[in-house]
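Trainee: Handing you this structure, nothing more for now.
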Amino acid sequence: MNRLTATITLAISLLQTAVAGIQQSGEKLLRDDATGEWLIGFFPDYAVYDNKFWHYASRDGSRMTLCCGGDTIGVSLAQGSVEIGGRSHKCSELRGRTVPYYPEADPTPFTDKLPPRLDSVTVRFIMPKGSGMDGAELSYNKFFNNSESIYITPDSTGRAEVTLPAPCTKELTVQLLDRRGRGWTFIPLYPEPGDTVTAYIDHRCGRYFVMGSNARLSNELLCAPDPKKVHVSYNENRRLTSEGYIGKAGKMLSESLAQTDSIARRHPTLSAKWAALQRAKARNAFAYGLTQNAYNRPRTDILGLPTDTLTRGGYFNPTVPFMADDDMLCIFADYVGLTRLAGQGSTPRLLRKAARELEREGRLCLTDAERALIEEAVAIDSVAASIPADSAQRYYKEHMDVLKAAGALYYRPAINKWFRTENAKGQMRIISGMGLDRLTEDMALAWLFVTDLENMGEIFTPELTAMVEQSVATPALRDYIFACNKEFADYANAAPAQAAQPADTARLATLTDGKEILDCITAPYRGRIIYVDVWGTWCVPCKEEMKHVPEMKKALEGMDVVYLYLCSRSSDESWRANIARFGLGGKDCVHYNLPQAQQAAVEAVLGVGGYPTYRVIDRQGRIVPGRPPRPSDPYGLKEALKKLTKE
């Protein structure tokens, strides 16, 4: 035996010993040989069967009685079989890393059949002690950019459970986390409305199994190799013409589809859903890259080849459920955005249209200087529209003072309301012209309305409520939209978070100088480190970061940090709603929604160039140079703040 052979033999022996150690600890997971599914699992403190956790009422060798709620079943184990509730199953023990390939092919195609009313899905987790991870992050999308993350912490027996609203089949992703919040190993789940699935996760030994009526697709994705991805890097995509992108990514797409077919031939029992999803993911990745490429073109030439390619290629009527692949949502959003930009015009042009219409109707009164400012912004935008995206961005930066001043008019209540209504109407017209089937069109409309809620951070106006009722025909989707609206209404009605030591509000109201305003706000917290978050309720990246606030606060426990949130250009209703939504209350949190002029003055002192912006103020009230890590990097932020505590 040579050295290499001996090394391999030793590695295999160690792996077998590790797996055997798990099995000796009292775990036994059985697979139904006829169906190929994970049938039942036995653990020291409980069993899992039919996606339910059962406790042991009695155990006598290979016989046991299991109880769950008011249900009781008898279980009898034998060599190569198990009897459950009087029914015998031929079984084999799950000893590998995933559920093996299923014994029979499954030609059942995807359906996007929706329940008559809004339903939910339940995900149960089993993370055995010593599995190498301390929790998991369950990520899912409501519609497009409305991503949500739920942090799963197992109990002392390694179990956890979460229930989510589900208007349709959607992709859920489980990302495993260690004590520092770092994650890897993604486990895909595809439950249908009304489903319950159970995920067994043992990261230390790389063992992942899924139980449930629709678990097969997840298990196949974990077991089978992935075909080649269709991906052109961001920087390269920006340099390519549309023709160049189609040539390069089109070749990748052909190779990916060929690899999918090859894998299916090598493993002929892979389901039709597995093959359909892999093909759809490859096609969607190609299409999404193409829509992103279109944004690099001059705005006057933004449509044409990219949108023609998508229309001719049938990308808008998906062959898998609308929510089964995030790229599908991105394609719809990009296409609507591109078409709107080319047809309705940019923000300065819409601002001019809004101002003229509202003034004509007597709902708005602008000064001559404000009208001139809007015209100047339109002139700047006209130049930017005729040049490539990179050049347009530089041109915008050169004229940012004018654009920001004109943009501030957008937050006048009458203009803001006009924009919200007209934006929805414009997007509805685009969606209705895409040639979608009725269900897909309703899915796209649901994306539109839920995204509006997410971006605006405010409940629907009466006009938008009427639009939903009149345009969305599918009851489950209509229920879902209004459930999201109610969620925002509940947040808006929540009691506002109170600061432990608010600033001298009477004096604050009289100040106009940005440094004096900031000093007045931060004065009660001298001697403490202040982490400043400049955000807006309309800012999607701001709210994405706020989802990480619980992790951040946990990482910074004991460091005597004050969290100062300065909200920009947002209504009080939306401001209060988002404070409640993201759990930003507490004695160490301070919130301000300053008048626009005061906020602008403070942002100038803090050097705000975009949103969100983060700054640190030291114990002496001085702004620390540089930009600190974001809430999504809690341990990086902790290390940065530690340096201040030593100074």
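The values are calculated or read from the model by the stated rules, or taken from the named source; none is laboratory data. None of these values were measured; they are calculated from a predicted model. All Cβ positions, glycine included, derive from the backbone under ideal geometry; neighbour counts span all protein chains shown. Protein only, heavy atoms only, side chains kept; ligands, DNA and RNA dropped before computing areas. Shrake-Rupley method; radii C 1.70, N 1.55, O 1.52, S 1.80 Å.
Trainee: Given the residues SER271, SER242, which is the only one that is touching a helix residue (DSSP H, G or I) at 6+ places or on another chain (Cβ under 8 Å), open to solvent by less than 60 Å² (accessible area, probe 1.4 Å), within 17 Å of THR98 (Cα to Cα) and hydroxyl-bearing (Ser, Thr, Tyr)? Step through it out loud before you land on a result.
Mentor: Values: SER242 fails: within 17 Å of THR98 (Cα to Cα).
Among SER271, SER242, only SER271 is touching a helix residue (DSSP H, G or I) at 6+ places or on another chain (Cβ under 8 Å), open to solvent by less than 60 Å² (accessible area, probe 1.4 Å), within 17 Å of THR98 (Cα to Cα) and hydroxyl-bearing (Ser, Thr, Tyr).
Trainee: Residues in segment 501-513: is at least one open to solvent by 60 Å² or more (accessible area, probe 1.4 Å), modelled with pLDDT of 90 or more, part of a loop (DSSP other than H, G, I, E, B) and among the acidic types (Asp, Glu)?
Mentor: yes
Trainee: Do we find a residue being outside any strand (DSSP E or B), without any contact (Cβ under 8 Å) to a residue 12 or more places away in the chain and within 30 Å of ARG95 (Cβ to Cβ) anywhere in segment 182-194? Give the derivation first.
Mentor: Going residue by residue through segment 182-194, those that are outside any strand (DSSP E or B) are 182, 190-194.
The next check asks that each one be without any contact (Cβ under 8 Å) to a residue 12 or more places away in the chain; those that pass are 182.
Still in the running and within 30 Å of ARG95 (Cβ to Cβ): 182.
Looking for residues that are outside any strand (DSSP E or B), without any contact (Cβ under 8 Å) to a residue 12 or more places away in the chain and within 30 Å of ARG95 (Cβ to Cβ), one finds at least one in segment 182-194, hence yes.
Trainee: Select from segment 111-141 the residues that are assigned to a loop (DSSP other than H, G, I, E, B) and open to solvent by less than 40 Å² (accessible area, probe 1.4 Å) and write down the one among them that is modelled with the lowest pLDDT. Before the answer, list the steps.
Mentor: First, pick out the residues of segment 111-141 that are assigned to a loop (DSSP other than H, G, I, E, B): 111-118, 127-134.
Then keep just the ones that are open to solvent by less than 40 Å² (accessible area, probe 1.4 Å); that gives 112, 114-115, 127-128, 131, 133.
Values: ASP112: 68, LEU114: 75, PRO115: 74, MET127: 88, PRO128: 84, SER131: 57, MET133: 61.
Selected residue: SER131.
Trainee: Take the residues of segment 410-452 that are among the basic types (Lys, Arg) and open to solvent by 20 Å² or more (accessible area, probe 1.4 Å): which is nearest to LEU364 (Cα to Cα)?
Mentor: Step one: filter segment 410-452 for residues among the basic types (Lys, Arg), giving 412, 417, 420, 425, 429, 438.
From what is left, the residues that are open to solvent by 20 Å² or more (accessible area, probe 1.4 Å) are 412, 417, 425, 429, 438.
Numbers: ARG412: 9, LYS417: 12, LYS425: 21, ARG429: 27, ARG438: 39 Å.
Ranking the candidates gives ARG412 first.
Trainee: Moving on to the next point. Looking at PHE332, PHE316 in this structure, which one is among the aromatic types (Phe, Trp, Tyr) and surrounded by fewer than 23 Cβ atoms within 10 Å (Cβ to Cβ)? Please lay out each step first, then the result.
Mentor: Numbers: PHE332 fails: surrounded by fewer than 23 Cβ atoms within 10 Å (Cβ to Cβ).
One residue alone meets the criteria, PHE316.
Trainee: For residues that are open to solvent by 10 Å² or more (accessible area, probe 1.4 Å) and among the polar types (S, T, N, Q), scanning just segment 563-579, find the one that is nearest to MET546 (Cα to Cα).
Mentor: For segment 563-579, the residue satisfying everything is SER570.
Trainee: Give the number of residues within segment 66-99 that are closer than 13 Å to LEU30 by Cα, assigned to a strand (DSSP E or B) and open to solvent by less than 60 Å² (accessible area, probe 1.4 Å).
Mentor: Of the residues in segment 66-99, 11 are closer than 13 Å to LEU30 by Cα, assigned to a strand (DSSP E or B) and open to solvent by less than 60 Å² (accessible area, probe 1.4 Å).
Trainee: Can you name every one of the helices (runs of 4 or more DSSP H) wholly within segment 324-441 that holds 2 or more residues which are more than 21 Å from TYR288 (Cα to Cα)? So that I can check it myself, show each step before the final result.
Mentor: Values: elements: 326-343, 347-360, 368-385, 389-398, 400-408, 413-432.
The helices (runs of 4 or more DSSP H) meeting that bar are 347-360, 368-385, 389-398, 400-408, 413-432.
Trainee: If I ask for residues that are among the aromatic types (Phe, Trp, Tyr) and in contact with a strand residue (DSSP E or B) (Cβ under 9 Å, 6 or more places away or on another chain), which ones from segment 321-354 would you list?
Mentor: The initial filter retains those residues of segment 321-354 that are among the aromatic types (Phe, Trp, Tyr), namely 322, 332, 335.
Matches in segment 321-354: PHE322 only.
Trainee: Tally up the residues in segment 580-598 that are over 27 Å from the mean Cα position of the chain (by Cα) and open to solvent by 30 Å² or more (accessible area, probe 1.4 Å), please.
Mentor: 5
Trainee: Tell me, which helices (runs of 4 or more DSSP H) wholly within segment 547-647 include 1 or more residues that are touching a residue at least 12 places away in the same chain (Cβ under 8 Å), more than 23 Å from LEU508 (Cα to Cα) and aromatic (Phe, Trp, Tyr)?
Mentor: Details: elements: 549-555, 572-581, 596-606, 634-646.
The helices (runs of 4 or more DSSP H) meeting that bar are 634-646.
Trainee: Can you go through ALA392, ALA354, ALA377 and tell me which one is at pLDDT 80 or above, touching a Gly at 6+ places or on another chain (Cβ under 9 Å) and open to solvent by less than 30 Å² (accessible area, probe 1.4 Å)? Walk me through how you get there before you give the answer.
Mentor: Details: ALA392 fails: touching a Gly at 6+ places or on another chain (Cβ under 9 Å); ALA354 fails: touching a Gly at 6+ places or on another chain (Cβ under 9 Å).
Result of the check over ALA392, ALA354, ALA377: ALA377.
Trainee: Please name all residue pairs, on different chains or six or more residues apart, with Cβ atoms under 7 Å, provided the first residue is in segment 219-241 and is touching a residue at least 12 places away in the same chain (Cβ under 8 Å) and the second residue is open to solvent by 50 Å² or more (accessible area, probe 1.4 Å) and in a loop (DSSP other than H, G, I, E, B).
Mentor: If the second residue must be open to solvent by 50 Å² or more (accessible area, probe 1.4 Å) and in a loop (DSSP other than H, G, I, E, B), the pairs left are CYS223/PRO100; CYS223/TYR101.
Trainee: Now a separate question. Tell me whether segment 203-218 contains one or more residues that are surrounded by fewer than 20 Cβ atoms within 10 Å (Cβ to Cβ) and part of a helix (DSSP H, G or I).
Mentor: no
Trainee: From (1) surrounded by 17 or more Cβ atoms within 10 Å (Cβ to Cβ); (2) in contact with a strand residue (DSSP E or B) (Cβ under 7 Å, 6 or more places away or on another chain), pick out the condition that doesn't hold for ALA601.
Mentor: (2)
Trainee: Out of everything in segment 453-476 that is open to solvent by less than 20 Å² (accessible area, probe 1.4 Å) and at pLDDT below 90, what residue ends up being nearest to ALA494 (Cα to Cα)?
Mentor: If we take residues in segment 453-476 being open to solvent by less than 20 Å² (accessible area, probe 1.4 Å) and at pLDDT below 90, then GLY457 is nearest to ALA494 (Cα to Cα).
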